[in-house]
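Data first, discussion second: the structure below is written as C-alpha cells.
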Amino acid sequence: MNTATLERPASNQSGHASGVTRADVLQATQAVTSRFGDEYFAKLDKEEGFPHEYIKALMDAKLHTVMIPEQYGGMGLGLEHACTIVEEMHRSGGVGSMIHGQMFMMGILARHGTDEQKRKILEEVCAGKVRLQSFSLTEPNAGTDTSKLQTKAVKEGNEWVITGQKLWTSRFDYTDAFMVFARTSPPKDPAKAYQGISAFLVDKRNVDPKQYSSRKIDVMFNHHTYEVFYDNMRVPETSLIGEEGKGFKYLLDGLNAERIIIASEAIGDGRWFVEKAVNYAKERVLFGKPIGANQGVQFPIALGYAHLEAADALRWKAAEKFDRNEHCGGEANIAKMLASDASWELANVCMQTHGGFGLAKEYHIERRFRDTRVFQIAPVSPNMILNYVSQHVLGLPRSY
C-alpha cells in the first residue's frame, strides 16, 4: 500500500475495486493529515484562509475519488471507506467539508447523471483538474422545506435559464462545478409539492460570470459558505441530471450518504476532544494530584466517550447497509444525531477539563469547539431527524 497515494487495484467480477481495506484508506489519509497539524488550521482560522494546500494533498493522494466509479478513474469503493477518510480528517484536527460534498454528490451523479456528464466531470475530477465541491440547495424562504424552493429553471431553446437565490452554498468561490436545484414546473399534485424540482450539474467554467454573483456569509468558524444569486444564468440543456422534475427524488438518494458522512466527521471531532481532554487531565496537577484522578473530571469524559462509541457503532451499521444498497434512512439519521450530540457533549467536556486554558487559542480547543457546533444545526437539525424517526421508523402521524 502506497502511503502517499491510494492506489487503485484490479477490479473483481462485480466491477468494484477489491483488496482495499478501511485500514489501507486510513493509512493513506494519515499520510496526508500528518503533514497538517493544529498550527496550520489555526493560521487559516485567524486569516479566514482557504486550505488550498490541504485539498491539493488530499487530491494528489486520490482520496477524493474514493466513491467515483472505476470506469471514470475513481476507486469505486464504498461509503465505509469515505467515512474512514473524513473521520480521520477531523480526528487529526482538520475538516472534511472540503471534500465531503464531492463524496455524497457522487452518488447522485453516478446513479442519475448521463454518460456524458459523468465522463466530462468525473474523469476531470479524478485527474485533479476539476473541483466539484458545491451543493446549491437551501433558500432563504424554504430552509429545510425543500419543496418550497423558489429558484426557477426555464427551458429556452437548447438552454436552461436559472434564476433565484440560494444560501449556504459552501465553497462556491472555490469550485469549478456544482449542483443546483431549481423548480422547472409546478407540482402536478398540489399535495406533493416536491414534484417539478429538477437537478442540474453546472460547469462554472463555461458560465458567463455576469449571470451569477456570490457573497460570503461570515460565520463563527472558518467555513467558506456563500449566498448566491442566479440572474438568468444560462446553462446547456445537457446540464439537467436525469429526468426533469425528479430532482427531489435524486436529492433523497444522496441524503443518507450525507448523514452518514457527517456522522463520521462528528465522530472524528469527538475522538479529538477525548484525546485532548484525557491527555490534559493526566498532565495537569492541582492539589497534589492529576485532575484526571477526580471523578468530577473523569466521569464526564468517560460518559461522553461511551456516547461516542454508541454513535460509532450505529454509523458503521448505517454505512454497511448503504453499501449493500439496503434501506438505511433510520440508521443514517439517528447516527448523525447521536454523533453530533456526542461531539458537542465532548466539546463542552474538553473545554471544561481545560478550564481557563480552554479559552486560549494556543490550545486549539475553542477553535474546534466552534467547528463542531455546526453539526447541531446542519445539514439537518435534531428536530427534523426526530420527525423522520417518528414518522418513517415508528409509524406515528406526520407532525409537520
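The values are calculated or read from the model by the stated rules, or taken from the named source; none is laboratory data. This one's a predicted model, so the numbers in the text were calculated from it and none came from an experiment. Glycine gets a Cβ as well: all are built from the backbone with ideal geometry, and neighbour counts include every protein chain shown. Heavy atoms of the whole protein, side chains included, go into the accessibility calculation; ligands, DNA and RNA do not. Shrake-Rupley method; radii C 1.70, N 1.55, O 1.52, S 1.80 Å.
Which value in Å is the Kirkwood Rh of segment 341-395 over different Cα pairs?
12.7
Give the whole-number value, in cubic angstrom per residue, of the convex hull volume spanned by the C-alpha atoms of the chain.
In the chain, the Cα hull volume divided by residue count equals 145 Å³.
How big is the accessible area of R259 in square angstrom, nearest 10, if you roll a 1.4 angstrom probe over the protein chains?
In the full protein context, R259 sits at about 30 Å².
Write down the Kirkwood hydrodynamic radius of segment 65-197, to one decimal in angstroms, obtained as one divided by the mean of 1/r over all alpha carbon pairs.
16.4
For segment 204-349, what is the convex hull volume of its Cα atoms per residue in Å³?
It comes to 154 Å³ per residue, whole-number rounded.
For segment 25-87, compute the orientation-averaged projected area of the C-alpha convex hull (one quarter of its surface), in nm².
4.5
With only alpha-carbon pairs counted, each pair once and no self-pairs, how large is the Kirkwood hydrodynamic radius of segment 182-270 in angstroms?
One decimal place: 15.9 Å for the Kirkwood radius.
Charges at C-beta only: +1 for Lys and Arg, -1 for Asp and Glu. How large is the resulting dipole of segment 88-179 about its Cα centre, in Debye rounded to 20?
My answer is approximately 120 debye.
Peptides 23-33, 267-277: what's the order by average Cβ count within 10 Å, highest mean first?
Those peptides, ordered most packed to least, come out 267-277, 23-33.
At 1.4 Å probe size, with every protein chain present, just tell me what the per residue accessible area of the chain comes to in Å².
45
Could you let me know the centre-to-centre spacing of segment 48-65 and segment 137-198, using Cα atoms, in angstrom?
Computed from Cα coordinates, the inter-centre distance equals 29 Å.
Of the peptides 232-240, 286-294, 353-361, 58-66, how do they stack up when ordered by the mean number of other Cβ atoms within 10 Å, highest first?
Ranking the peptides 232-240, 286-294, 353-361, 58-66 by packing returns 58-66, 232-240, 353-361, 286-294.
Using a 1.4 Å probe over the heavy atoms of the protein chains, calculate the carbon and sulfur portion of the accessible area of the chain as a whole percent.
Reported share for carbon and sulfur atoms: 52 percent.
Can you give the helix-only mean residue ellipticity at 222 nm for the chain, where every DSSP H stretch with n ≥ 4 adds -39500 (n - 2.57) and the sum goes over all residues, rounded to the nearest 500 deg cm²/dmol?
Computed mean residue ellipticity for the chain: -14000 deg cm²/dmol.
Could you tell me how far the Cα centroid of segment 333-394 sits from the Cα centroid of segment 240-297, in Å?
Value for the Cα centre distance between the two parts: 7 Å.
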